[in-house]
1. Regarding residue 117, is this residue closer than 28 Å to residue 60 by Cα, exposed (fewer than 14 other Cβ atoms within 10 Å of the Cβ), in contact (Cβ under 8 Å) with a residue 60 or more places away in the chain and under 17 Å from the mean Cα position of the chain (by Cα)?
2. Name the one entry in 95, 37, 76 that is within 23 Å of the chain's Cα centre (by Cα), farther than 30 Å from residue 200 by Cα and loosely packed, with under 15 Cβ neighbours inside 10 Å.
3. In this structure, is residue 221 more than 20 Å from the chain's Cα centre (by Cα) and buried (at least 16 other Cβ atoms within 10 Å of the Cβ)?
4. Which residues, taken from region 184-205, are more than 19 Å from residue 236 (Cβ to Cβ) and more than 18 Å from the chain's Cα centre (by Cα)?
5. Give the residues of region 34-62 that are more than 15 Å from residue 224 (Cα to Cα) and in contact with a helix residue (DSSP H, G or I) (Cβ under 7 Å, 6 or more places away or on another chain), sorted by residue number.
6. Of these, 73, 62, 54, which one is in contact with a strand residue (DSSP E or B) (Cβ under 6 Å, 6 or more places away or on another chain) and not in a loop (DSSP other than H, G, I, E, B)?
7. If you go through region 152-161 one residue at a time, do you hit one that is within 18 Å of the chain's Cα centre (by Cα), under 21 Å from residue 237 (Cα atoms) and either buried (at least 21 other Cβ atoms within 10 Å of the Cβ) or not assigned by TED's automatic domain parsing to the domain that holds residue 224 (or both)?
8. Restricting to region 227-246, name every residue that is surrounded by fewer than 17 Cβ atoms within 10 Å (Cβ to Cβ) and closer than 15 Å to residue 195 by Cβ.
């Protein structure tokens, strides 16, 4: 379990709702147990073939064994609770073969709220880091309204927030590099402002502040990105002091502000001001570049 949802549901460090659940599949379980230390020494062509093999094996697992198992569990649960069989469905996303979509009965339908798709997306992948991790109990929101019942799911292997912070910092650096090279936000900027919010929130905590001292962990995150998610436009070779670049400016800043305004409805309580988030990112960039 990883990503922004792990920060909110696993550690309570952010107050952002996400319809996505990010899960990393163990590469060894897919028949590929090569370490990142070995992979970093591969030739470009050999590394490309290995990445493709990882993706193919992961897709086959997600659309095959995992989808079958999930379908059986949902079917059994629906029948046991005497629900309509068409109320819950889990299907493969035809555009993203490592993603499953869970459709569920809706208590409220707001046609004007188009930022959140009315489906739970289970986003899998086998190229993200597996360590450092810890065991967490994940509690659904309904727990707050029904304190006499326990809906918690225990012993969920979850990436620690320190790692997630550094991963997010590298994402900010990659987004800036992409904009500088392509003069556009990657992916049209859809939902990208969430990364800036997450970093801001993490840095309000002792956990986040202390994580900045773990330079080795930051270097591991850069290596992971260079091996598995490399794009020339990301400027990953500059993701180190004194050349970290994470502060959006100009049109990039304006587009992120618009996306943040659209996303603010996904934040519980009063969302922090966008200007405060950017001030935090500005200070962070200076701190990262202090050798």
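1. Working: closer than 28 Å to residue 60 by Cα: yes; exposed (fewer than 14 other Cβ atoms within 10 Å of the Cβ): yes; in contact (Cβ under 8 Å) with a residue 60 or more places away in the chain: yes; under 17 Å from the mean Cα position of the chain (by Cα): yes.
So residue 117 passes the test.
2. None of the other options fit; the residue is 95.
3. In short, no.
4. 204, 205
5. Matches in region 34-62: 57, 58, 61.
6. Matching residue, one of 73, 62, 54: 62.
7. Just the residues of region 152-161 that are within 18 Å of the chain's Cα centre (by Cα), to begin with: 156-161.
If we keep only those that are under 21 Å from residue 237 (Cα atoms) as well, we get none.
No: zero hits.
8. Selection gives 229 alone.
The values are calculated or read from the model by the stated rules, or taken from the named source; none is laboratory data. Note that the structure is predicted; figures quoted are calculated from it, not measured. Virtual Cβ from ideal backbone geometry, glycine too; neighbours counted across all protein chains shown.
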